[in-house]
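These notes are about the structure you will find just below.
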Amino acid sequence: MNQLALFDFDETLTQKDTFRTFMRFAFPADQWRWRWFCSLPDIGVYMLNKNGSRLKTRVLNRFFSDYNKVDLEEKAIEFVNWMEENPSYFKTEVLFNLMKLRDDGAEIAVVSASPELWIEPWCKRKGIRAIATKLEWSSEGKFIGLDGKNCSREEKVVRIQQEFDLSRYKRIVVYGNKGPDDAMLELGTEKHAI
């Protein structure tokens, strides 16, 4: 039986949002606090016009501008190691269901608005596909911005349809958050709103 399972990552597989957690993990406390404080005007603008791609680019620029891609990739691997060493960071039942579906032969993809920086290494370890917000880097390894749209809400569906021919699957299992993942949940023959 052709099966596809799609899982949101933040607050579906994990207990917390990994975007904020990664920032706290990767940057010293004083830098983290200062860069979030400097991001408050951008967050205010977001609250008015709800442009998530613009906000994410600005916040990432504040955090990543002083670092190169290689250093950030190393921090991302350390973060993935930390998550793996702290199993309580994950929702046990949801992670168990992901692994069971994978072991039963379903194609699995994690579909996340979080950057591919830490989503891809985590998925690679699990032997599953990652669909996440892509980042653009200069030839010198400096962060430029998002490579395309933020992989959230309706954009998740666009990206899923680019990766998979959904008509091939008799069963599509979808795990996601109510509200932000409603569009992705609608793709499922079996829906699990968390």
(message) Can you tell me which condition residue 144 does not meet? The list is (1) modelled with pLDDT under 95; (2) surrounded by fewer than 20 Cβ atoms within 10 Å (Cβ to Cβ); (3) under 18 Å from the mean Cα position of the chain (by Cα), and all the others hold.
(response) (3)
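Here are some residues: 70, 59, 80, 45. Which one is of a type in the set (A, V, I, L, M, F, W, C), surrounded by fewer than 17 Cβ atoms within 10 Å (Cβ to Cβ), more than 19 Å from residue 181 (Cα to Cα) and touching a helix residue (DSSP H, G or I) at 6+ places or on another chain (Cβ under 9 Å)?
Values: 70 fails: touching a helix residue (DSSP H, G or I) at 6+ places or on another chain (Cβ under 9 Å); 59 fails: surrounded by fewer than 17 Cβ atoms within 10 Å (Cβ to Cβ); 80 fails: surrounded by fewer than 17 Cβ atoms within 10 Å (Cβ to Cβ).
None of the other options fit; the residue is 45.
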(request) Taking residue 136 as meeting all but one of (1) in contact with a helix residue (DSSP H, G or I) (Cβ under 9 Å, 6 or more places away or on another chain); (2) outside any helix (DSSP H, G or I); (3) free of Cβ contacts under 8 Å to residues at least 24 places away in the same chain, write down the number of the exception. (result) (1)
(request) Note down all Cβ pairs under 6 Å where the first residue falls in the range 57-85 and is in a helix (DSSP H, G or I), the second is of a type in the set (Asp, Glu), and they're at least six residues apart or on different chains. (result) 58/42
(message) Give all pairs with beta carbons closer than 6 Å in which a residue from the range 175-192 that is part of a loop (DSSP other than H, G, I, E, B) meets a residue that is of a type in the set (Ser, Thr, Tyr); count only pairs at least 6 apart in sequence or on separate chains.
(response) 177/12
(request) Output the number of the condition that residue 40 fails; it satisfies all remaining conditions of (1) free of Cβ contacts under 8 Å to residues at least 24 places away in the same chain; (2) within 26 Å of residue 137 (Cβ to Cβ); (3) of a type in the set (A, V, I, L, M). (result) (2)
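Within the range 106-116, is there a residue that is within 23 Å of residue 168 (Cα to Cα) and assigned to a helix (DSSP H, G or I)? Can you show your working first?
Taking the range 106-116 as the starting set, the residues that turn out to be within 23 Å of residue 168 (Cα to Cα) are 106-112.
Narrowing the set further to residues that are assigned to a helix (DSSP H, G or I) leaves none.
No, the range 106-116 contains no residue that is within 23 Å of residue 168 (Cα to Cα) and assigned to a helix (DSSP H, G or I).
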(request) Only one of these is out of contact with any Ser or Thr (no Cβ under 6 Å at 6 or more places or on another chain) and closer than 29 Å to residue 138 by Cα: 86, 68, 2. Name it. (result) 68
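Being at pLDDT 95 or above, surrounded by fewer than 16 Cβ atoms within 10 Å (Cβ to Cβ) and under 19 Å from residue 19 (Cα atoms) is true for just one of 124, 178, 156. Which residue is that?
Working: 178 fails: at pLDDT 95 or above; 156 fails: surrounded by fewer than 16 Cβ atoms within 10 Å (Cβ to Cβ).
It is 124.
The values are calculated or read from the model by the stated rules, or taken from the named source; none is laboratory data. Since this is a predicted model, take the numbers as computed values, not measurements. Glycine gets a Cβ as well: all are built from the backbone with ideal geometry, and neighbour counts include every protein chain shown.
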